[in-house]
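The block underneath contains the structure these notes are about, expressed in structure tokens.
The values are calculated or read from the model by the stated rules, or taken from the named source; none is laboratory data. Computed from a predicted structure; not experimentally measured. Every residue, glycine among them, receives a Cβ derived from its backbone with ideal geometry; neighbour counts consider all protein chains shown. These accessible areas exclude ligands, DNA and RNA; they are computed on the full protein's heavy atoms, side chains included. Shrake-Rupley method; radii C 1.70, N 1.55, O 1.52, S 1.80 Å.
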Amino acid sequence: MKMSLEAWKALMRTSIDGIEGALSVADPTPQKAKLADLRKQLEGPSVARHRKRLEDELDALVESDVAMQIASRRYLGPKVQEAVEKALVTFERAKLVLAKAAEMRTRSGKKSRSRRRVAPAR
């Protein structure tokens, strides 16, 4: 699924703002100025090539500076943890649904429409 331009811009703005907010007060202002410059570039014309370049610039900026790396981990760490937890919950629910479907097929005596056999959840 392709991300719309507005959704991409919102994601980039949120990422830039989050990293900037996670920077320590003691961190030098040139880092904040570079993030502000990237934020300004979001307002310009945007084609796929331009988007990729801005994403690469943000990645390079974060990778080039230890304080930026720490700030990005501080910002993204909780978000990644939450996403992993939600994925695990979804996986467990899917296992239950598949087990129930396999049980219903067994009781009804019908064969699965697909050629692959669905194994019950462990």
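Looking at (1) part of a loop (DSSP other than H, G, I, E, B); (2) surrounded by 15 or more Cβ atoms within 10 Å (Cβ to Cβ), which is the one condition that is false for residue 44?
Only one criterion is unmet by residue 44, namely (2).
Just a yes or no: is a residue in the stretch 29-39 of a type in the set (A, V, I, L, M, F, W, C) and either touching a residue at least 40 places away in the same chain (Cβ under 8 Å) or exposed (fewer than 12 other Cβ atoms within 10 Å of the Cβ) (or both)?
First, pick out the residues of the stretch 29-39 that are of a type in the set (A, V, I, L, M, F, W, C): 33, 35-36, 38.
Checking the rest, the ones that are also either touching a residue at least 40 places away in the same chain (Cβ under 8 Å) or exposed (fewer than 12 other Cβ atoms within 10 Å of the Cβ) (or both) come to 33.
Yes, because at least one residue in the stretch 29-39 is of a type in the set (A, V, I, L, M, F, W, C) and either touching a residue at least 40 places away in the same chain (Cβ under 8 Å) or exposed (fewer than 12 other Cβ atoms within 10 Å of the Cβ) (or both).
Right, residue 81: assigned to a helix (DSSP H, G or I), polar (S, T, N, Q) and open to solvent by 80 Å² or more (accessible area, probe 1.4 Å) or not?
When the stated conditions are applied, residue 81 passes them.
Would you call residue 64 polar (S, T, N, Q) and either buried (at least 16 other Cβ atoms within 10 Å of the Cβ) or within 12 Å of residue 23 (Cβ to Cβ) (or both)? Working first, answer last.
Details: polar (S, T, N, Q): yes; either buried (at least 16 other Cβ atoms within 10 Å of the Cβ) or within 12 Å of residue 23 (Cβ to Cβ) (or both): no.
When the stated conditions are applied, residue 64 does not pass them.
State which residue pairs qualify: first residue on the phi > 0 side of the Ramachandran plot and inside the stretch 93-105, second residue small (Gly, Ala, Ser) and surrounded by 12 or more Cβ atoms within 10 Å (Cβ to Cβ) in any location, beta carbons under 6 Å apart, and separation of 6 or more residues or different chains.
none
Could you say whether any residue in the stretch 52-61 is in a loop (DSSP other than H, G, I, E, B) and without any contact (Cβ under 8 Å) to a residue 60 or more places away in the chain?
Looking through the stretch 52-61, none of the residues is in a loop (DSSP other than H, G, I, E, B) and without any contact (Cβ under 8 Å) to a residue 60 or more places away in the chain.
Mind telling me which of the residues 122, 105, 51, 74 ends up being exposed (fewer than 12 other Cβ atoms within 10 Å of the Cβ) and modelled with pLDDT under 95? Break it down stepwise before answering.
Numbers: 105 fails: exposed (fewer than 12 other Cβ atoms within 10 Å of the Cβ); 51 fails: exposed (fewer than 12 other Cβ atoms within 10 Å of the Cβ); 74 fails: exposed (fewer than 12 other Cβ atoms within 10 Å of the Cβ).
Of 122, 105, 51, 74, the one residue that is exposed (fewer than 12 other Cβ atoms within 10 Å of the Cβ) and modelled with pLDDT under 95 is 122.
Looking at the stretch 6-21 only, could you name the residues that are hydrophobic (A, V, I, L, M, F, W, C) and open to solvent by 60 Å² or more (accessible area, probe 1.4 Å)?
We begin by selecting, within the stretch 6-21, every residue hydrophobic (A, V, I, L, M, F, W, C); these are 7-8, 10-12, 16, 19.
Passing the criteria: only 11.
With respect to residue 112, is the statement that it is within 30 Å of residue 30 (Cα to Cα) and at pLDDT below 95 true? Quick ask: steps written out before the conclusion?
Details: within 30 Å of residue 30 (Cα to Cα): no; at pLDDT below 95: yes.
Judged against the criteria, residue 112 is not a match.
Name the pairs whose Cβ atoms lie under 6 Å apart, with the first residue in the stretch 2-24 and of a type outside the set (D, E, K, R), the second part of a loop (DSSP other than H, G, I, E, B), and 6 or more positions between them or separate chains?
Hits for this filter: 5/46; 12/42.
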